[in-house]
1. To the nearest 20 debye, what charge dipole does the range 158-284 have about its Cα centre, counting +1 at the Cβ of each Lys and Arg and -1 at the Cβ of each Asp and Glu?
2. What distance in nm separates the simple spin-label points at THR14 and THR90, each placed 7 Å from Cα in the Cβ direction?
3. Determine the shape class of the range 191-284: with a ≥ b ≥ c the square roots of the Cα gyration tensor eigenvalues, call it rounded for a/c under 1.5, and otherwise prolate if a/b is greater than b/c, oblate otherwise.
4. What is the spin-label model distance, in nm, from ASP242 to SER276 if the labels are put 7 Å beyond Cα along the C-beta direction?
5. Leaving out ligands and nucleic acids, note down the accessible area per residue over the chain with a 1.4 angstrom probe, in whole Å².
6. Using +1 on the beta carbon of Lys and Arg, -1 on that of Asp and Glu, and nothing else charged, what's the dipole of the chain about the Cα centre, debye to 20?
7. Select from VAL70, TYR148, PRO177 the residue farthest towards the positive end of the dipole of the range 49-182; place +1 on Cβ of Lys and Arg, -1 on Cβ of Asp and Glu, and compute about the Cα centre.
8. For the range 122-129, what does the Karplus curve 6.51 cos²θ - 1.76 cosθ + 1.60, with θ = phi - 60°, yield as ³J(HN,Hα) per residue in whole Hz, taken in order and with x for Gly and Pro?
Amino acid sequence: MRGAANLAALVGVTVESITDLGSQHSWTLHRAVLGDGREVFVKAAHDQASVFEAEAAGLRWLAAGVPELVPEVLAVDAGMLVLPWVSAATPTASAAARFGRELAALHADSPGSFGAPWSGWIADLPLDNTQLGGSWARWYADYRLAPYLPRAAADLGRDGIRLLERVIENIETLAGPPEPPSRIHGDLWSGNVLWTADRALVIDPAAHGGHRETDLAMLALFGAPHLDRIRAAYHETHPLADGWRERIPLHQLHPLLVHVVLFGGSYRSRTLAAASAALAAAHP
């Protein structure tokens, strides 16, 4: 980390202590106590301006939909992102139900177009957030699937790439009923959900105007506490279109491709299984 002096200059108060929490991707993680008594979370790197600015923009953009669902961005520059420290608690069914309702409210607040007005990132990989109206299916194929095929080709193999290309070719059929753009988190795996005593907060977004089923599919990809309760409360607030369960593999294809690019062939079989399931859902 660049040190207490740089953090103090960014937040405008002195820094009493900094605790290192390890690293993630290209940045380091820290917990700091400020001179005014606040505890903050700090993500730091030598120069991650576009990454940190995109994360801050995404958090603020999500807060425009449901302010209570995201932590406030306290400060950001090319080398640091500073958020309030959140004291974790064991997830409860009531907190999960609240999360489901607030996620539904977030998704109901349409941004008017797919994509976002900033250059996006997911982990260390760029996201093309080109803003378009019209079809989510085409937007998803062109900006969330196709860009990752070249970098995943060595691990997926020729047959695997052809399978993904079939999904892209049939995307309009696979995508289900048309829906307006939703304000979505975009990388909503369980590690990006912070549980407190009475609620959940979301962090580290790849936020954009997308399809609301994407966030729910991402919660299911690696499992989330009280997922059934989250879904039930969501459905009570903003029911999903028929066939949403069958479309889960389609929405999971983007994060799985990202994992292939980042971590290699260990995610090959799961990615190809999702592609096969997506195609089978349209032709049972």
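The values are calculated or read from the model by the stated rules, or taken from the named source; none is laboratory data. Since the model is a prediction, treat every value here as computed from it, not as a measurement. Every residue, glycine among them, receives a Cβ derived from its backbone with ideal geometry; neighbour counts consider all protein chains shown. These area figures cover heavy atoms from the full protein model, side chains too; ligands, DNA and RNA do not enter into them. Shrake-Rupley method; radii C 1.70, N 1.55, O 1.52, S 1.80 Å.
1. On the way: 12 positive and 14 negative charges, 59 e Å.
Charge dipole, the range 158-284, about its Cα centre: 280 debye, nearest 20.
2. For THR14 paired with THR90, the spin-label model returns 4.0 nm.
3. Working: a/c = 2.09, a/b = 1.25, b/c = 1.68.
In terms of gyration-tensor shape, oblate.
4. 2.8
5. Values: 11920 Å² over 284 residues.
That works out to 42 Å² per residue.
6. Values: 22 positive and 30 negative charges, 102 e Å.
For the chain, the charge dipole is close to 480 debye.
7. PRO177
8. Along the range 122-129, the couplings run 9, 6, 8, 9, x, 10, 7, 9 Hz.
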